[in-house]
Amino acid sequence: MRKINNNLSDKIRDEIINFIEPDIYYCYQCGRCTAGCPLANVYEYQPNQIIRLVQANEINSIFDSNSIYLCLSCEICSSRCPQGIDIAAIMSYLRIKSWENRSFKEKLIAEFYKAFLKIIGIFGRSYEPGLILNLNLVSGKFFNDMDLALNILRKRKIKLFPEFVKDRKKLSRVVKKYL
Ligand code: SF4
Ligand code: SF4
């Protein structure tokens, strides 16, 4: 993982303090956010620990763990916090910063984001078969989850052919900035 320097770490911590209400120092480590998180058992750092790491300015430790990349943005943690801290927004913000600084620890997750953005840039909306093919090519596991994909297709949960949105050129220009 590409480490960020102390100045950038300070900047990210300060931005979280300044722009996300209320102050993260209101967290008193009750653990309610973690108790409700569906992924807490697979995270290397649990949501309450992420908050503690931000307070301690240990941003590199967060970037080097799997938590922010696996987060589903389901917002259960935020809804359970007695102090009203928006943990889900903090997780998303940290993920964006990691992306901007090319600090993504998990190569395949980075590839997933790239493939997803590319598909949005091309079609203007998600196209699952394209996403699966793209990821399988990148990972070298060409037939990974194919049985699952065929089952989903058979049940018409996803469409075989992509749909295009109107005026997707504008969207494509936005997407290019992040690739
Ligand atoms: S629920 Fe809120 S106060 Fe409790 S540990 Fe999580 S962030 Fe801190
Ligand atoms: S938003 Fe992320 S951290 Fe919060 S409960 Fe959902 S998966 Fe867990």
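Here, each number is a calculation from the coordinates, and none is a lab measurement. All of these numbers come straight from a predicted model, not from anything done at the bench.
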So what are the ³J(HN,Hα) numbers for region 62-74, from phi and the Karplus equation (6.51, -1.76, 1.60; θ = phi - 60°), rounded to whole Hz, Gly and Pro as x?
5, 4, 8, 10, 8, 4, 5, 7, 8, 3, 8, 6, 7
Report the relative contact order of region 92-172, percent, no decimals, based on alpha-carbon pairs under 8 angstrom and at least 6 residues apart.
34 percent
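Starting from the alpha-carbon convex hull of region 1-103, give the projected area averaged over all orientations, in nm².
Details: hull surface 22.4 nm².
Result: a mean projected hull area of 5.6 nm².
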Show the residues, 5+ positions off or on another chain, whose built amide H is closer than 5 Å to the amide H of Tyr45.
Asn66, Ser67
Taking a straight Cα-to-Cα line shorter than 16 Å from Lys155, and setting aside same-chain aspartates and glutamates fewer than 8 residues away, one finds Glu128, Asp145, Asp147
Can you pull the semi-axes for region 107-177, root of five times each eigenvalue of the Cα gyration tensor, sorted largest first, whole Å?
23, 17, 7
Lysines with Cα under 24 Å of Lys107, excluding same-chain neighbours fewer than 8 positions away:
Lys3, Lys97, Lys118, Lys141, Lys176, Lys177
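With a cut-off of 8 Å between alpha carbons and a minimum separation of six or more residues, what is the relative contact order of region 6-100 in percent? Intermediate results must be reported in sequence, preceding the final value.
On the way: 110 pairs, mean separation 31.4, N = 95.
The value is 33 percent.
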I need the phi-derived Karplus couplings for region 12-27: 6.51 cos²θ - 1.76 cosθ + 1.60, θ = phi - 60°, integer Hz, Gly and Pro marked x.
5, 4, 5, 5, 5, 5, 7, 9, 10, 8, x, 4, 5, 6, 6, 5
